[in-house]
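The values are calculated or read from the model by the stated rules, or taken from the named source; none is laboratory data. These figures come from a predicted structure and were not determined experimentally. Cβ coordinates were reconstructed from backbone atoms using ideal geometry, including for glycine residues, and neighbour counts include every protein chain displayed.
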Amino acid sequence: MANTVVKLRKPFQGHRGMVTELRFREPTYRDVMSLGEPGMLVQTADGSKFVQESIGIIDEYAQRLLASEDADPAMLDQLCLADALAIKELVQGFFYSARTEEKAPPDKSPPPS
C-alpha cells in the first residue's frame, strides 16, 4: 500500500528540520471499524441529499494515517489553513476513491494461461 504525499504550502520547523511534506497511508479495515465514516449521507425534507462531514472523525483519521518518518500527530497543529484543507480532502478522497473503484465494472478478461 503506497503512501500519499501532501506537499505543504507553508512548511514548518519539525524536530528534525523543516517539514515540507507529510505522508499518509490509506485507511485499513481496522481504521474504518474503529473510527467509522468521515461523513454521513443526509436527506432533507425536500428529498435532496448531501454528505454531512464529521470533522472530528476526519481529524482522527489524519492523525492515525500520518506516516511521515518522524510522524507526530501534534505536528498537524502547525499546519496553515490551506494545508489543513488539503489533508481534510485527502482523507475524504480515500473513501471517495474506494467507492468509485468499488463501482467500476469487473474485469471481463480471461484469466492468464
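For segment 2-11, name all the residues that are within 15 Å of GLU69 (Cβ to Cβ) and either hydrophobic (A, V, I, L, M, F, W, C) or exposed (fewer than 11 other Cβ atoms within 10 Å of the Cβ) (or both).
Residues satisfying the conditions are VAL5, VAL6, LEU8.
Would you please name the residue that is modelled with the lowest pLDDT, looking only at residues in segment 28-45 that are over 11 Å from PHE95 (Cα atoms), in contact with a strand residue (DSSP E or B) (Cβ under 6 Å, 6 or more places away or on another chain) and surrounded by 10 or more Cβ atoms within 10 Å (Cβ to Cβ)?
The extreme case among them is MET40.
With respect to PHE24, is the statement that it is modelled with pLDDT of 95 or more, closer than 20 Å to ASN3 by Cβ, out of contact with any His (no Cβ under 6 Å at 6 or more places or on another chain) and aromatic (Phe, Trp, Tyr) true? Break it down stepwise before answering.
On the way: modelled with pLDDT of 95 or more: yes; closer than 20 Å to ASN3 by Cβ: yes; out of contact with any His (no Cβ under 6 Å at 6 or more places or on another chain): yes; aromatic (Phe, Trp, Tyr): yes.
It is true that PHE24 is modelled with pLDDT of 95 or more, closer than 20 Å to ASN3 by Cβ, out of contact with any His (no Cβ under 6 Å at 6 or more places or on another chain) and aromatic (Phe, Trp, Tyr).
Of these, ILE87, ILE55, which one is surrounded by 11 or more Cβ atoms within 10 Å (Cβ to Cβ), among the β-branched types (Val, Ile, Thr) and under 16 Å from the mean Cα position of the chain (by Cα)? Give the steps one after another, and end with the answer.
Details: ILE55 fails: surrounded by 11 or more Cβ atoms within 10 Å (Cβ to Cβ).
From the options ILE87, ILE55, the qualifying one is ILE87.
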